[in-house]
Structure formats: C-alpha cells, structure tokens
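The structure appears below as structure tokens.
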Amino acid sequence: MQPEYLPFPALLCSVLSISRQHYEVTLDPGRALLSWRKLRPRSVKGRTRAGICLTRVLHRARGLAKSFSRQITSGSVTVPLTEIVSVEEAEIDGKYCNSMKWQHMCKPHAFTVRYIKRMKKHRWRCGEVTFWCSEEQMCCHWLQALNDALNQQTHRPKHLLVYINPYGGCKKGKQIYEKKVAPLFSAAGIAADVVVTEYANHARDNLYDVNLEKYDGIVCVGGDGMFSEVLHGLIGRVQKDSHIDHNNPSACLSRCSIRIGIVPAGSTDCVCYATVGINDPVTSALHIILGDCQPLDVCSIHHKKNFLKYSVSLLGYGFYGDVLKGSENNRWLGPARYDFSGFKTFLTHHWYEGTVSFQPAKWVIGSPRDNKPCTSGCHVCRQSSKQLQELQKEQNCRFEHSEEEWTTIKGKFMAINAVSLSCACPRSPKGLSPAAHLADGSADLILVRKCSRLNFLRHLIRHTSKKDQFEFPFVEVYRVKNFQFTPKHFEEYDTESTDIGNVSKKNFAQICTDHPSCVCSHVNSSWNCDGETLDQTAIEMRVHCRLIHLFARGIEDAPLTDDSNPSKILPME
Ligand SMILES: CCCCCCCCCCCCC/C=C/[C@@H](O)[C@H](COP(=O)(O)O)NC(=O)CCCCCCCCCCCCCCC
Ligand SMILES: Nc1ncnc2c1ncn2[C@@H]1O[C@H](COP(=O)(O)OP(=O)(O)O)[C@@H](O)[C@H]1O
Ligand SMILES: [Ca+2]
C-alpha cells in the first residue's frame, strides 16, 4: 500500500533571484517539474527576513505539489525536468559582482539551467536562466537536486559517435557541427567521438568495425544520402552480428536498438524534416540531448535474390529517378541541382511502361487519404504496429510470405513513388504522402499515370499547398506492405541469364544504335533510392516495421509558444 506521506522525492522550494528579482523556485521531483514565479516584494518579506532565501524541503510531496501548482498561475514558467538540457554552476559575470546588490556578499552563488524553448514551426532553442542563491550551501543543494533529477533520465545519451559529411548540401557540415552542435553536447555532458568522412561510404564501412557497445547513439551530420550511409552501416552490422542473410528478401531482420541522430546539413533533409518537423541543426541537437526515441520503418529493396539497398525516404521511379540522374553532374550547384534538374525533367515529360504488383497493409488503421498525419506519440503507428505484431504471431511468421491478395497494375507511368514516411521537406512541407506514418509497418505507393504536362504540373504544385495531390484521376495511392515492379522492356528481353539487367541493357543499346532517331534511351527510367540511383530497374520492396530508432519524437501537434512570447512555456495544468 502507498503511504500517505512519502519522505522522497521531496519538493524543494526556495526564494532565489533572477536578474535581481525575487522568485519562488520549486523543484517537484514527483511531477518532474521545475518552476519559478516572480514574487511581489510583500510576499518576499513575509517569507524571509533576510529577503533573499528560504529553503523548504517539503516532505508531504503529493498534497503540497498540488497546492503549489495552484499558486503558480500567469507569469510563471514551468519546465518539465525531461526538457532541461543542462544544469551547471554559473559563470560569475563581472557586472553582477560589482553591482551594489552583491557587494555586501563575499561570494555570490548561482547556477544556470538551460532548457527547451519552443519557437515557431517546430524549431527548438535553448533557453537559459541563472538562479542566484545567498549561500553556497543552498546553491550546492540545488545543483545536487537538479543533477540527481537529470541523472535519473537514463535514456539520455552520454557517449556518441558522430559522422560528418563535409561535402553535403552547402558543404557546411563541419562548421554546423562545430559551431552549433558541439557546444550544446559539451554543455549537456555528452562525450562525442567525431569522424569527418574522407570518401563516400566511409561512415558505412566504419560502422562494421567500430565497437558499438561504447556508444549510446550515432549521429550523422549531412543529408538524406549521409543518413542512408549510416543506416546501411548500422543495419548491415546488426544483421551480420545476428547471422541474418540480407540477400534473402523474406528474412526477418534484427532490429537496431542503438539510436541514430540526424543533424541536417544536406540538400533535401527529408528524414530529419519528417521526423522532427524542421531541418534545423540546433533543434536536432536538442532532441539528441534529451534522448528522444522515434521508431522508424525501413524498406528493403531486392533484385531477385540480391539485396540492393534500404530506403527510408523516397524510392522513386520515373520523375524522381530522372531528376536524380539529371542532377548528378551538377553537384557543384548544391541543393539547387535538384530544382534545375526538376525543371529540365519536367520539360522532357517522359512516361514509362511497366507492371506494379503489391500487397496491401491490412493491419493499418489509417489510409493515405484520411488526412491524419503522423504526430508525436502517434496512435495510428502504435495501434497498427500492435496489430501487425499480433498478425505475425497468429500466422507464425508465414505472414510475410503469404501469397494472398496481390494487386497487379500494368500501365504507363509518369512516376512510381514508394514512401514509408511523409517525405516532408522544405520544398514540400507536407511531403509526397502527407498522411504516411513513421512506424506503422507500411509504405504509401503512389502511382502517377501518363498524363498531360499541364496535369502533371498541377499534381506537382499541389505538393506545395494544402490541397490534396492525390485528387486527380491519373493519381492512385495505396498503403502497402510490399511491392514489385517490372519495366515492360525488362519483361520483353527477360532471359534465363543470371545477370538479366545487363542483358536487357545490352539489348537496348543495340536497338538504339540501330534506330538513332528513336527514343529508346527513355524506355526505362531508374530508381531514386534516398538520393542514390539503383543499378536495377526490376525490383521488389518490403517494409520492415520499426527496424531502426532515431533521436526524434515525431512532429508535435501544435507549438506551445511562439517567437514573440518565449517566456510563457507551459500552462501548469
Ligand atoms: C512547381 C513546384 C513543384 C515542387 C514539387 C516539389 C516536390 C518535392 C518532393 C520532394 C520529395 C523529397 C524526397 C526525398 C528524397 C531524398 O532522399 C533525396 C536525397 O536527398 P539528399 O540529396 O539530401 O541526400 N532527394 C531527392 O531525390 C531530391 C528530390 C527533389 C525533387 C525536387 C523536384 C523539384 C521539381 C521542380 C519541378 C519544376 C517544374 C516547373 C515547371 C514550370
Ligand atoms: N567525404 C566524402 N566525400 C565524398 N562523398 C561523401 C563523403 N562523405 C559522404 N559522402 C557521400 O555524399 C553523398 C551525399 O551526401 P549528403 O550528406 O546526403 O549530401 P546531399 O544532401 O547534398 O546529397 C552521400 O551519398 C554520401 O555517401
Ligand atoms: Ca510507414
């Protein structure tokens, strides 16, 4: 039975000073809150003759916590302990020491608390407040109590492995890390081993050798391509350690428990944007420091029995495949290479023939057009993944191989896109599939059939507004657990050869030489897999529910404060 009065955790309440004004400061470990409210001079007098300090360690934690929360109304600030970034003894600023206020004291004692401040559009910043105490003992007492509270948050990382791509996006990865992220990590007491990559796939290869047990997380500084590299290194490493053959398309992959943090410094940054709500390095660093955890679906892509790649953002054939191909020679343009290539690709207006087959994700409780985006602590993800787990248990793992209900669509397509998250990014803040879910075990398969240039433009423009981009007769969207694609010309030239892709490419080259005026070079597009071109066009894809975890929490429903009013943090109740 629960005792009525608990000796611990104890409420700590003192009158401390902030910028020479008196505040009642309360640490309530029971409710995991730190709050402070300004006191009127009269109430300060009533509390302490010295006018500066009074510590009350209140043992009646529960009842008194309630009465305190009622007192603290407007003008007060309340910060959940889970949102405190760091607590440290304050650096004493000369201007305070020399001020009249403190001259009578031999040594002022103060501590600084850094905490999360929510700004507009899911941006986080670090708020800072310095509390002044009249006695050293009181300062130590507060520091001890706050640090104890932080130490209880065992999900926070202590040691990170950081990979920086110095060439991603605008080539500012190193600078972003050093100026914006490293100081926050060090303030939060996080040790980081930093690797600045020297070549493509350096991070991926390194992850096969590194002692992962030393680390609480991996951070990548770069774009979606860099994240993909780290993802391949980590998933590959975990499968290798668990003796799982990734070439088997129906293998049940081992989940990766170590979390990945993304500090955005790339061209698209859609994984970061879609999981945090913004591509802002400081916001990402703060999510990492707090030890957020967001499970994420990952798609595996195979050609026959050969593993090709994993994908978490966009797996796109046709338009986005061509945009990527066209952008590769213009890397020097930085992020603008995609817009330039996008414009050119739009003008060329190619369509491609092929067959798409897929199995619907029957367990999901959402649908791609239900207008219910994935949010922090998403109920759809929780419920859907739970139902998937039950289904898998029921069918005794045969579920993944079941042959039931394949839907086959043969046609001419402008674009075939599969996304396991929304793909929201600065270019399209709601993304390619606004209601896709981060961790429901499904992907949204979007088919854009051959249409006029004007119609395709209308569809593209919808990605930049709130209007439904699927509301066209030539666009279809399905929530799937897997799909297969075979280009038409792959079928025609399919042979029993083991290297079918090469054979068909060879045949096309032949045809094109024979008919120089034809458009054979455009019969097939290529797949854009998270910003990398796949070698094969005939592929199969499968979603792995919650295969990895990120230092993120999904997109919070509504920001609680805005830039103009950062001091009102949270209502008390
Ligand atoms: C008319 C304006 C239409 C704007 C349509 C914007 C849709 C944007 C959807 C973006 C989805 C992004 C999915 C993420 C993919 C990334 O994994 C991947 C790799 O990223 P990384 O380089 O950071 O490593 N990024 C990409 O493949 C880049 C895709 C970007 C596509 C931009 C397309 C711009 C299209 C412009 C068409 C202009 C038509 C104008 C006609 C007058
Ligand atoms: N040191 C390096 N030199 C060259 N390429 C690298 C290096 N480090 C990483 N890469 C590769 O650069 C590609 C693009 O990186 P990314 O950070 O996603 O930038 P962007 O968003 O501009 O494409 C990734 O595929 C990654 O493998
Ligand atoms: Ca998903």
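With the cut-off at 17 Å, report for segment 155-292 the share of all Cα pairs above it, as a whole percent.
Working: 5371 of 9453 pairs.
Here the long-distance tail beyond 17 Å is 57 percent of all Cα pairs in segment 155-292.
Would you grab the residues whose amide H sits under 5 Å from the one on ARG259? Only those 5+ places off in sequence or on another chain, please, with H modelled 1.01 Å from N.
ILE218
How much net charge surrounds ASP209 when only the other residues with a Cβ under 14 Å from the Cβ of ASP209 are counted, with Lys and Arg +1 and Asp and Glu -1?
Charge balance near ASP209 sits at 0.
Net charge around ILE555, counting only other residues with Cβ within less than 14 Å of its Cβ (Lys, Arg = +1; Asp, Glu = -1)?
Numbers: positive: ARG118, LYS120, LYS121, ARG123, LYS372, LYS430, ARG553; negative: ASP280, ASP292, GLU556, ASP557.
Computed value for this residue: +3.
First select every other residue whose beta carbon is under 13 angstrom from the beta carbon of ASN371; then total the charges, Lys and Arg +1, Asp and Glu -1. Walk me through the intermediate numbers first.
On the way: positive: ARG369, LYS372, LYS430, LYS466, LYS467; negative: ASP370, ASP468, GLU471.
Neighbourhood net charge equals +2.
To make sure I understand, if each residue's beta carbon is the centre and we count other beta carbons within 10 Å, what order do GLU229, GLU394, GLU213 fall in, fewest to most? The partial results should precede the final answer.
Working: GLU229 25, GLU394 9, GLU213 6.
So the ranking, lowest neighbour count to highest, is GLU213, GLU394, GLU229.
Out of segment 268-335, which trypsin sites (Lys or Arg not before Pro) are coil in DSSP terms and have no more than 10 other C-beta atoms within 10 Å? Before the final figure, lay out each step's value.
Details: sites: LYS304, LYS305, LYS309, LYS325, ARG331; in loops: LYS304, LYS305.
Loop-located and lightly packed - LYS305.
Exactly which chymotrypsin sites (Phe, Trp or Tyr not before Pro) in segment 106-151 are in a DSSP loop and have at most 16 other Cβ atoms within 10 Å?
Values: sites: PHE111, TYR115, TRP124, PHE131, TRP132, TRP142; in loops: none.
Here no chymotrypsin sites (Phe, Trp or Tyr not before Pro) fit, given the DSSP loop and packing criteria.
Which number do you get for Rg(Cα) / (2.2 N^0.38 Å) in segment 104-156? Display every interim value, and only then the final one.
Values: Rg = 14.6 Å, N = 53, 2.2 N^0.38 = 9.9 Å.
That works out to 1.46 for segment 104-156.
Neighbour counts of other C-beta atoms within 10 Å: give me CYS256, CYS270 arranged from fewest to most.
Working: CYS256 21, CYS270 30.
Lowest to highest Cβ neighbour count: CYS256, CYS270.
Only loop residues by DSSP count here, and only those with at most 12 other Cβ atoms within 10 Å; note down the trypsin sites (Lys or Arg not before Pro) in segment 139-212 that meet that.
Filter output for segment 139-212: LYS171.
Quick note: the coordinates plus some simple rules give every number you see, no bench work behind them. All values reported here derive from a predicted model rather than from experimental measurement. Cβ: placed from backbone, ideal geometry, glycine included. Neighbour counts: every protein chain shown.
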